[in-house]
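The values are calculated or read from the model by the stated rules, or taken from the named source; none is laboratory data. Treat the numbers as computed from the prediction; the structure is a model and nothing was measured. With ideal geometry, Cβ positions are generated from the backbone for all residues, glycine too; neighbour counts draw on all protein chains shown.
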Amino acid sequence: MRFLQLYNYEIAIFLAMVGLYIVVSRGNLVKKIAGLSMFQTSVFILYISMGVVDGGSVPILTEGVTRYSNPLPHVLILTAIVVGVATTAVALSLVIRINEAYGTVEEDEVHQQDESF
Amino acid sequence: MSLDHAIDILLLAFMAVIALAVVRLRDLFGVAMLFSVFSLLSAGVFTIMDAADVAFTEAAVGAGISTILMLATLTRTAREEKPNVSRNPALPLIVVSITGAMLVFGTSDIPRFGDPQAPVHQHVAPRYIEDSPSEIGIPNMVTSVLASYRGYDTLGETTVIFTAGVAVMALLGMRRTRRRNGQRKDTD
């Protein structure tokens with residue numbers, strides 16, 4: 001049962017590792033960014049999982065509810081999601097510029113062109 | 001096991017499958033679409049875990065805007081990922097497996113999922129839950145923490161978004177003026 005009790009954390013680690021694998025092993029820059037965003041989402045799941053309380057409710061004041069989930073991780077991740085999209089936008093516009101300068105978004109071909117100069 | 005927990009397990013299993021599909025898929029349009037589904041599933045997981053505000057934001061920003069940005073990039077770059085011949089797939093797999101094993105080992109003794117006695121629920125969280133409705137006057141605790149107790153965090157977030165906006169304009173906006181200047185030289 002220990003596995004089921006930590007299931008959310010195990011899946012978060014699995015998703016983070018899949019994201020890391022995409023970043024390290026794939027040469028396409030757009031796909032690398034998709035992997036990076038996947039890593040980000042796994043961290044969000046890790047944080048939100050920590051805020052859950054058994055039998056807790058959504059942290060909005062309601063009559064008759066005495067037990068709420070922890071609102072602090074929610075706030076931190078709310079900020080992180082928006083910042084994550086902003087950085088993804090910068091990364092994708094960098095990819096567009098690289099494509100204009102080199103005519104490709106494959107990392108290996110960019111390196112080849114750099115070396116041939 | 002409650003129904004909530006069963007849905008949580010199912011949605012997270014879906015997300016794991018989609019992550020593996022993204023690794024294998026070479027069509028980048030498909031990757032963008034799968035990524036949108038991935039974000040939407042994570043929004044569902046957040047709803048199950050009582051994080052309604054986070055679920056809203058993830059569904060709007062993660063599944064919506066991120067996907068649009070990725071599709072906009074694909075229209076200006078290649079649609080297919082080229083097969084990589086020079087890279088050795090074994091080395092990243094080994095690195096990732098070792099890192100993952102260490103993380104699993106590191107999380108093996110943390111408090112179980114949903115434990116009310118976990119250290120994360122002991123420090124400032126009780127104060128936010130008990131006092132914020134009377135201190136700030138807003139029933140939604142996430143909003144009062146975001147805009148009042150941790151208002152400086154949100155100010156910093158806004159600064160980051162502004163900087164990112166300036167960076168995107170510097171990267172993509174400058175190019176247009178340069179091209180226009182070039183055209184002007186041609187006509188001269």
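Structure data summary
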read-out	value
So B:Ile7, is it within 29 Å of A:His74 (Cβ to Cβ) and surrounded by 15 or more Cβ atoms within 10 Å (Cβ to Cβ)	no
Residue that is modelled with the highest pLDDT [pool: residues in segment A:97-112 that are outside any loop (DSSP other than H, G, I, E, B) and under 19 Å from B:Asp27 (Cα atoms)]	A:Asn99
Subset of segment B:60-95 (residues that are among the polar types (S, T, N, Q) and either free of Cβ contacts under 8 Å to residues at least 24 places away in the same chain or not assigned by TED's automatic domain parsing to the domain that holds B:Gly44 (or both))	B:Thr73, B:Thr75, B:Thr77, B:Asn84, B:Ser86, B:Asn88
Of all residues in segment B:103-116 being facing another protein chain (nearest Cβ under 7 Å) and not in a loop (DSSP other than H, G, I, E, B), the one that is surrounded by the most Cβ atoms within 10 Å (Cβ to Cβ)	B:Leu103
Positions within segment B:69-96 being part of a helix (DSSP H, G or I) and either at pLDDT 95 or above or touching a helix residue (DSSP H, G or I) at 6+ places or on another chain (Cβ under 6 Å) (or both), in sequence order	B:Leu69, B:Met70, B:Leu71, B:Thr73, B:Leu74, B:Arg76, B:Pro92, B:Val96
Of the criteria (1) more than 21 Å from the chain's Cα centre (by Cα); (2) touching a residue at least 24 places away in the same chain (Cβ under 8 Å), which one A:Ile77 fails	(1)
Unique match (being within 7 Å of chain B (Cβ to nearest Cβ) and either of a type in the set (Val, Ile, Thr) or in contact (Cβ under 8 Å) with a residue 60 or more places away in the chain (or both)) among A:Val43, A:Val23, A:Val65, A:Val18	A:Val18
Residue check, B:Ala59 within 30 Å of A:Ile13 (Cα to Cα) and not polar (S, T, N, Q)	yes
Check on B:Ala16, within 9 Å of chain A (Cβ to nearest Cβ) and touching a helix residue (DSSP H, G or I) at 6+ places or on another chain (Cβ under 8 Å)	yes
Close pairs from segment A:94-112: first buried (at least 17 other Cβ atoms within 10 Å of the Cβ), partner aliphatic (A, V, I, L, M) and not in a helix (DSSP H, G or I), Cβ under 6 Å, at least 6 apart	A:Val95/A:Val105; A:Asn99/A:Val105; A:Val105/B:Ala78
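Here is a yes/no grid of residues against (1) touching a Pro at 6+ places or on another chain (Cβ under 8 Å); (2) in the same structural domain as B:Ala164 (by TED's automatic domain parsing); (3) surrounded by 15 or more Cβ atoms within 10 Å (Cβ to Cβ):
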{"residue": "B:Ser97", "(1), (2), (3)": "no, no, no"}
{"residue": "B:Ala101", "(1), (2), (3)": "no, no, no"}
{"residue": "B:Ala118", "(1), (2), (3)": "yes, no, yes"}
{"residue": "B:His121", "(1), (2), (3)": "no, no, yes"}
